[in-house]
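Data first, discussion second: the structure below is written as structure tokens.
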Amino acid sequence: MTGPETAAGEPRTADGPEMAGGPLEAGAIRALAITVSNRASAGIYADKSGPVLVELLRGIGCSVDGPLVVPDGEPVEAALRAAIAEGYDVVVTTGGTGLTPGDRTPEMTRRVLDREIPGIAEAIRSAGAAAGIASAILSRGLAGLAGRVLIVNLPGSSGGVRDGMAVLGAVLGHAVDQARGGDHPRPA
């Protein structure tokens, strides 16, 4: 999306969307960025959305590894299972959420999830559609928990990553805190 705001209505900066509530405490959330692309993993072209995802996660204070570039299908499940075993707080994927026969990231993600969080994926699609990006409703991305690890699928475009992170960034700290067993904030 071009213009002064992201699909979520957040101000867009030169570095990407500003995350609601400002940056998290530096390094408080350990994140892994995974790019799902058959062509990028084969070296046919460079990964463009993964580096954007890493930059945006770092911009809100996450300690980030990646982007790990994998082809779609079984390698996605393997990468997610490895990330869960390594104890990441959040794993965000980019790519593989569309309608082509090779787009299987949601199916691989569902295999590792214990509980889905449909509101995150719905909010990402809704924000895109509300901003006039009709194809946003075609994304089949999921979000959920695998144990205490939050996993979120974003579209494979750089713009989709920026717009999706504008939505996710607004709730990421609270979601991770809740997954760790934190209580709901209460007024003093």
Starting from segment 92-121, take each residue that is part of a loop (DSSP other than H, G, I, E, B) and list its partners that are of a type in the set (Lys, Arg) and at pLDDT 95 or above, counting only C-beta distances under 6 angstrom and pairs at least six apart or across chains.
-> Thr97/Arg140
Residue that is farthest from Ala46 (Cα to Cα) [pool: residues in segment 152-161 that are surrounded by 24 or more Cβ atoms within 10 Å (Cβ to Cβ) and of a type outside the set (S, T, N, Q)] | Val152
Mind checking which residues of segment 77-109 are under 19 Å from Arg148 (Cα atoms) and hydrophobic (A, V, I, L, M, F, W, C)?
-> Ala78, Ala79, Leu80, Ala82, Ala83, Ile84, Ala85, Val90, Val91, Val92, Met108
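Listed here are the residues, each with its yes/no results for (1) at pLDDT 95 or above; (2) over 20 Å from Ala136 (Cβ atoms).
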site	(1), (2)
Gly3	no, no
Ala14	no, yes
Glu18	no, yes
Ala31	yes, yes
Thr35	yes, no
Gly73	yes, yes
Ala79	yes, yes
Glu86	yes, yes
Gly95	yes, no
Considering residues that are surrounded by 18 or more Cβ atoms within 10 Å (Cβ to Cβ) and more than 15 Å from Gly119 (Cβ to Cβ), the number found within segment 170-188 is 2
Hey, Ser139 among the polar types (S, T, N, Q) and free of Cβ contacts under 8 Å to residues at least 40 places away in the same chain or not | no
Mind listing whichever residues of segment 114-151 are among the charged types (D, E, K, R), out of contact with any helix residue (DSSP H, G or I) (no Cβ under 7 Å at 6 or more places or on another chain) and buried (at least 18 other Cβ atoms within 10 Å of the Cβ)?
-> none
Could you tell me whether segment 60-69 includes any residue that is assigned to a helix (DSSP H, G or I), buried (at least 22 other Cβ atoms within 10 Å of the Cβ) and modelled with pLDDT of 95 or more?
-> no
Residue check for Tyr45: in a loop (DSSP other than H, G, I, E, B) and closer than 16 Å to Ala179 by Cβ = no
Looking at this structure, is Ala83 assigned to a helix (DSSP H, G or I), crowded, with 17+ Cβ neighbours inside 10 Å, of a type in the set (A, V, I, L, M) and in contact with an Asp or Glu (Cβ under 7 Å, 6 or more places away or on another chain)?
-> no
Going by the conditions given, is Arg111 out of contact with any Gly (no Cβ under 7 Å at 6 or more places or on another chain), closer than 20 Å to Cys62 by Cβ and exposed (fewer than 14 other Cβ atoms within 10 Å of the Cβ)?
-> no
Do we have any residue at all in segment 160-167 that's over 20 Å from Pro51 (Cα atoms) and either part of a helix (DSSP H, G or I) or free of Cβ contacts under 8 Å to residues at least 40 places away in the same chain (or both)?
-> no
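The values are calculated or read from the model by the stated rules, or taken from the named source; none is laboratory data. Predicted model, so just to flag it, every value in this text is computed and none were measured. Reconstructed Cβ throughout: ideal geometry from the backbone, glycine too, with neighbour counts over all protein chains shown.
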